[in-house]
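Note sheet for the following structure.
The values are calculated or read from the model by the stated rules, or taken from the named source; none is laboratory data. These numbers come from a predicted model, not from an experiment. Heads up, the Cβs are rebuilt from the backbone with ideal geometry, glycines too, and the neighbour counts pull from every protein chain shown. Note: accessible area is taken over every heavy atom of the protein model, side chains too, but ligands, DNA and RNA are not part of it. Shrake-Rupley method; radii C 1.70, N 1.55, O 1.52, S 1.80 Å.
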Amino acid sequence: MKQHWLAASACLLAGVTPAFAWEPTKAIEIVVPFAAGGASDQMARTIQGIIQKNSFSSQPVIVVNKPAAGGAEGMLDIQKSAGDPHKLITTSSGVFMTPMATKLPLNWTEYTPVAMMAQDSFVLWVNAKSPYQTAGDFMAAAKAASLPLKLGGTSSKREDNLIVFAMEKAGGVKFAYIPHASGGQASTQLSGGHIEASTNNPAEDVANWRGGATRPLCVFSDQKMAYTTPVADGKSWADIPTCPSQGLNVTYQMLRGMFMPGKVTKDQQAYYVELFKKVADTAEWKDYLARSALVPDYRDGDAFVQFLKADEEKHAKLMSDAGFMAK
Amino acid sequence: MTLQTETEATPRGLSRRPVERIVALVLIALAAIVLYDSYGRGAGWDNGPENGFFPARVGWIFLAASLFILVQSFRSPQDGVFVSYEQLGQVTRVLGPLILFVALIQPLGLYVASSVFILVFMSIVATSRWWSIVLTAILVPLVCFWVFELQFRVPLPKGPLETALGY
Amino acid sequence: MDDFASLMAGFQVALSWHNIGFMAVGVVLGIVVGVLPGLGGPNGVAILLPLTFGMDPTSAIILLSSIYWGALFGGAITSILFNIPGEAWSVATTFDGYPMAVQGKAAEALTAAFTASFIGALSGVILITFVAPLVASFALRFGPAEFFAVFLLTFCSFIGMGRENRAKILASLCIGFLLAAVGLDSISGDLRMTFGSTELMRGFDFLVVVIGLFGVSEILLTVEEGLVFKGKQAKIDLRVVFRTWASLPRYWATLLRSAAVGMWMGVTPGGAIAASFMGYGIAKRFSRNPGSFGKGNIEGVLAPETAAHAAGTSALLPMLALGIPGSATAAVLLGGLLVWGLQPGPLLFIEQKEFVWGLIASMYLGNLAGLIIVLATVPLFAAIMRVPFSYVAPVILIVCAIGAYTISNSIFDIWLMLGFGIIGYVFKKLDYPLAPLVLALVLGDRAEDSFRQALLGSGGSLNVFAANGLVGTLVVLAMLLLLWGPVTDLIGAARGKGRQPEKPAAAE
């Protein structure tokens, strides 16, 4: 209960920290536009832990979940808080896709980009008891099936749904895409055999992989993942083949980044850029990346903005090809 | 769970039947809005239900139920008192300050608004001494501030006073 | 008994002095958080989470799970005293708890609620201790069709028997379903019934609606009778606890049934909210005197509380064994586990034995500590009923407003709460039952989602709801419960026409 005291005294002790042109004067709020327990939430809480453990900030950090309407609730909140330097929001590709799918008046260019923390991969998972050993087996089975195979993912008209759409196009097959409330739910449904496959992020399925309930077939990327420490059955993330190498030519990655509301000063933005640079350098962060098999890809400033522009264009094309744009 | 006291020597007041009808009409209007919205988005069966399928079906049942309630109100022989004027007066004495409170939250912030609310409410009810009213009006917002703002770090709406004090 | 030895070792870990201290702190904080609407268990856990990073994982999880216990206990307090459910799962507790308080039996109701909570939670913990792996694999058999069947069963167990005006039950149920449908439809990814409003886009939050419908409207009804509390004054001391206890063994069947319902709903994971409604519905169905429910029957307090706690506790099981959070609080705890580098999932029981058994042992102890602490506060809380109305009413209304606001930091929600307060007032006076509305609001969209998920998978064929023994049994059971009311009515009518037709019961 005395966290503000602790934080304040920690700040006095750590008097050596370089003086910034601007410093937060009250608690920093990280808005997570997804439910507690999800991948974005885990990232926010990890960052919260790192900042407080290492006293990177004189003020405490709080995480607030605003999951309603596919993340639009959190994004609207940031839009409304223009000029508030004590708010941050974790973002994924949803920053483009939610406005595209719902026609809500939201646009990332009205926010202030702070930093991109990492990129998240997508993996094709199947039940460990299923006969499929490669993506090729799976696609062949999908072609032969009389009733479309059930493929699970998180929400509708979002990342997972795009991947499934791309798989249908690449393989000339039809799937029954089943949206779930979270990746964890999709993972459970997969291990219970209620769906044939899922397109979860590595972190969302790692528990069931280790428990021997699910098995990764391939990663939707041109490159294998980098983490070579064994995870399950002596296999590591790096041992998962890429989907294109198995004849399934679909690749997709998702950014994970941090934004501030619009209309903040340069100094305020600089403070957070510096803060996240420090976070990205800690051992705890690197542990977290390895545990969640995230692709380390820290960017800020112009590099981040360029990335966002290119990514938005890519998503606009994907979304309109799939017919997911709101009419 | 209402304590029905209306049967004894019917006091003057709003009678029940018109209120019953107004509510039924409002429900019918709501059902119509739901049906309009659902059919606008597609309420059919396209390899499983479309997104308006359920709201539309529920909307039809809702419409039927509210029409039935409307018809019932014409057929039922008894008519009681919905609320007597005296009771209505009492309710307004609570509802009035409450609406004022909610309206003041935006401009003044929650803490000042609750202070005003307590002052107005307790003076209207007029069962307490003035100093205990003032004390309550000051203490309650302070305690709330301590619990929510300082301890749980739940940010509540704040107004000019809090800004002046540096929060 | 390898597990038993592990459990004993767990008790040793949990029984150190500083862990007991954390337990007491956690429980008290949890009660505070549970009493204030809007501040839920997840808030308490989320706020303390960063503080626990410095502790060893076992102490940290003991502190956090004690908040969970405290919040579970605390939710009942405001439900009984003011008809304001502090937590969503204590809505069903208001149905009989508040009438008891009005009759001057607040202390009995509180004691019954707390004891029932303890019994429920204890049965949940015992379940976790002894059959964890078995039950965890059972949960995996639940696909969308089975989930839909569970929700259907909940509806049928609660709705089927209504003897009130049937058109009004139906209208109220429909309003609940429609309110639940507002906002983003998770299956199609489109917005529904928002009419371009960004406020409506969020949908109607359950707690905002319930605080208005139950809490605010009750205050409006109260002041009609004059500006005093309805509650009769009763002599309150700790002896009332023992008197209530003495009467409890009589209700063993209700307690047992509710505990079973709760464990089932917690594991599947239908959740504590659904469990509390189902527990209440089933207790009423099996009761020899169903007419007394809603008018202050102590069974109506025991049943939902036992079920909610059994479910809330069992919900921790899927989290530990499978890594799926069964509730929002469990989700935050799950986040905490990950921050400490503990990976929930099937391997947690093998790799982190000491931690898991420490946690399970702390469940027994935290629950017991919680019971002792809350029982000690019974006279304190019951005494609130003696504070003059003019002091308590504004405070209740302010806390309600704060509760409505904090759910999504929106002043619009406070207006909504006020609006639902007036709606609740009118509905109660016109004998529209509110319980079906609330039930449909909380389960409606989940039922719809699982129904549509099931049909997406089956290619639109309804056969999926009879595809295997599990789902078939559930659906048949639901239909039986639905028809129970009308059928017994018919039998009763055929047997003795001379019996007086029952008057339509008011409200719930």
Handout entry: Gyration tensor (alpha-carbon) shape descriptor, the stretch A:166-300, a/c threshold 1.5
Key = prolate
Fill in the blank from the handout: Descending accessible area (1.4 Å probe), largest on the left, turns C:HIS18, C:HIS309 into C:HIS18, C:HIS309
Handout entry: Rounded to the nearest 10 Å², the accessible area of C:LEU480 at probe 1.4 Å
Key = 110 Å²
Practice task
Distance between Cα centroids, the stretch B:86-116 to the stretch A:143-163: provide it in whole Å.
Solution key: 52 Å
Problem - Qualifying lysines (Cα of each under 16 Å from Cα of C:LYS105; at least 8 residues distant if same chain) - result: C:LYS230, C:LYS232, C:LYS235, C:LYS295
Completion exercise
Taking alpha-carbon centroids only, the stretch A:188-238 lies from the stretch C:85-120 a number of Å equal to 46 Å
Handout entry: Label-point separation, B:ALA103 to C:LYS353 (7 Å along Cα→Cβ), nm
Key = 6.8 nm
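Shielding by partners for C:396-406, please: the mean number of other protein chain Cβ atoms within 10 Å of each residue's Cβ. Before the final figure, lay out the partial values.
On the way: counts 0, 9, 13, 5, 1, 10, 8, 0, 1, 7, 5.
Across C:396-406, the average partner-chain Cβ count within 10 Å equals 5.
Indicate the gyration tensor shape class of the stretch C:2-495 (rounded, prolate or oblate), computed on the Cα atoms with a ≥ b ≥ c the square roots of the eigenvalues: a/c under 1.5 is rounded; otherwise a/b larger than b/c is prolate and the rest oblate.
Because its axes are fairly even, with a/c under 1.5, the stretch C:2-495 counts as rounded.
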Fill in the blank from the handout: In square angstrom to the nearest 100, the accessible surface buried at the B/C interface, both sides summed with a 1.4 Å probe, amounts to 6000 Å²
Fill in the blank from the handout: So for R0 = 22 Å, FRET eff. of C:LEU134-C:ALA5 from the Cβ-Cβ r, to 0.05, ends up at 0.65
Problem - Listed residues C:GLY300, A:THR282, A:LEU124: farthest to the positive end of the dipole of the protein assembly as shown (Cβ charges) - result: C:GLY300
Problem - Whole-Å distance, taken between Cα centres, linking the stretch C:272-294 and the stretch A:281-324 - result: 51 Å
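Averaged across the residues of A:150-159, what count of C-beta atoms belonging to other chains lies within 10 Å of each residue's C-beta?
Values: counts 7, 1, 2, 0, 1, 4, 8, 3, 1, 0.
Averaged over the peptide's residues, the number is 3.
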Fill in the blank from the handout: Here, A:ALA270 and C:ALA467, labelled 7 Å along Cα→Cβ, have an inter-label distance in nm of 6.0 nm
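Take the alpha-carbon positions of the protein assembly as shown, form their convex hull, and give its projected area averaged over all directions (one quarter of the hull surface) in nm². Before the final figure, lay out each step's value.
Working: hull surface 160.9 nm².
Hull-based average projected area comes out at 40.2 nm².
Step through the table entries A:LYS143/A:LYS317; A:LYS53/A:LYS317; A:LYS143/A:LYS286; A:LYS263/A:LYS317; C:LYS284/C:LYS353, compare each Cα-Cα distance with 32 Å, and write down the pairs that go over it.
Details: A:LYS143/A:LYS317 26 Å; A:LYS53/A:LYS317 42 Å; A:LYS143/A:LYS286 41 Å; A:LYS263/A:LYS317 29 Å; C:LYS284/C:LYS353 42 Å.
Long pairs (Cα-Cα over 32 Å): A:LYS53/A:LYS317; A:LYS143/A:LYS286; C:LYS284/C:LYS353.
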Exercise for the section: Please give the helix A:3-13 orientation as an angle from the longest Cα principal axis of chain A, in degrees from 0 to 90, rounded to the nearest 10. Expected result: 60 degrees
Completion exercise
Too long for a 27 Å Cα-Cα cut-off, among A:LYS26/A:LYS278; A:LYS278/B:LYS158; A:LYS129/A:LYS174; A:LYS169/A:LYS235, are A:LYS278/B:LYS158; A:LYS169/A:LYS235
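Normalised by the number of residues in the stretch C:2-495, what is the relative contact order in percent for Cα pairs under 8 Å and 6+ residues apart?
Working: 866 pairs, mean separation 143.0, N = 494.
In percent, rounded to a whole number, it is 29.
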Handout entry: Additional length obtainable on full extension of the chain from C:TRP484 to C:TRP17, 0.36 nm per residue less Cα span
Key = 162.8 nm
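Helix by helix, which DSSP H runs in chain B go 15 Å or more along their axis at the Cα atoms and have an average Kyte-Doolittle hydropathy of 1.6 or more? Don't skip to the answer; put the middle values down first.
Working: long enough: B:16-41 (38 Å, 0.86); B:53-75 (33 Å, 1.36); B:85-108 (33 Å, 1.02); B:110-125 (22 Å, 2.44); B:130-144 (22 Å, 2.16).
Long hydrophobic helices here: B:110-125, B:130-144.
Please work out whether chain B counts as rounded, prolate or oblate from its C-alpha gyration tensor, where a ≥ b ≥ c are the square roots of the eigenvalues and a/c under 1.5 means rounded, while otherwise a/b larger than b/c means prolate and anything else oblate?
Values: a/c = 3.77, a/b = 1.38, b/c = 2.73.
Oblate is the answer for chain B, as a/c is 1.5 or above yet b/c matches or exceeds a/b.
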Handout entry: With all protein chains modelled, accessible area of C:MET479 [1.4 Å, Å²]
Key = 80 Å²
Practice task
Heads up, I need the accessible area for A:ILE62: 1.4 angstrom probe, whole protein in place, Å², nearest 10.
Solution key: 30 Å²
Exercise for the section: Could you check what % of the DSSP bridge pairs in the protein assembly as shown are antiparallel, to the nearest 5? Expected result: 65 percent
Handout entry: Label-zone membership for the stretch C:458-490, site A:LEU147, 7 angstrom Cα→C-beta point, backbone N under 18 Å
Key = C:458-473, C:475
Practice task
Among the aspartates and glutamates, select those whose C-alpha is under 18 Å from the C-alpha of C:LYS168, and discard any that sit fewer than 8 residues away in the same chain.
Solution key: B:GLU20, B:ASP79, C:ASP431, C:GLU502, C:GLU508
Completion exercise
Counting only residues 5 or more apart in sequence or on a different chain, those whose built amide H sits under 5 Å from that of B:GLY13 are B:TYR85
Handout entry: Angle between chain A longest axis and helix A:159-171 axis [Cα atoms, degrees, rounded to 10]
Key = 30 degrees
Fill in the blank from the handout: Rounded to a whole %, the carbon-and-sulfur portion of the accessible area of the stretch C:2-495 at a 1.4 Å probe is 69 percent
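Can you give the FRET efficiency to the nearest 0.05 for B:ALA29 and A:ALA326, using r as the Cβ-Cβ distance and R₀ = 30 Å? If you can, show how the numbers build up before the last one.
Working: r = 28 Å, r/R0 = 0.92.
Efficiency, from the Cβ-Cβ distance: 0.60.
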Exercise for the section: Among the trypsin sites (Lys or Arg not before Pro) in the stretch A:153-202, which ones are in a DSSP loop with at most 16 other Cβ atoms within 10 Å of the Cβ? Mind listing them? Expected result: A:LYS174
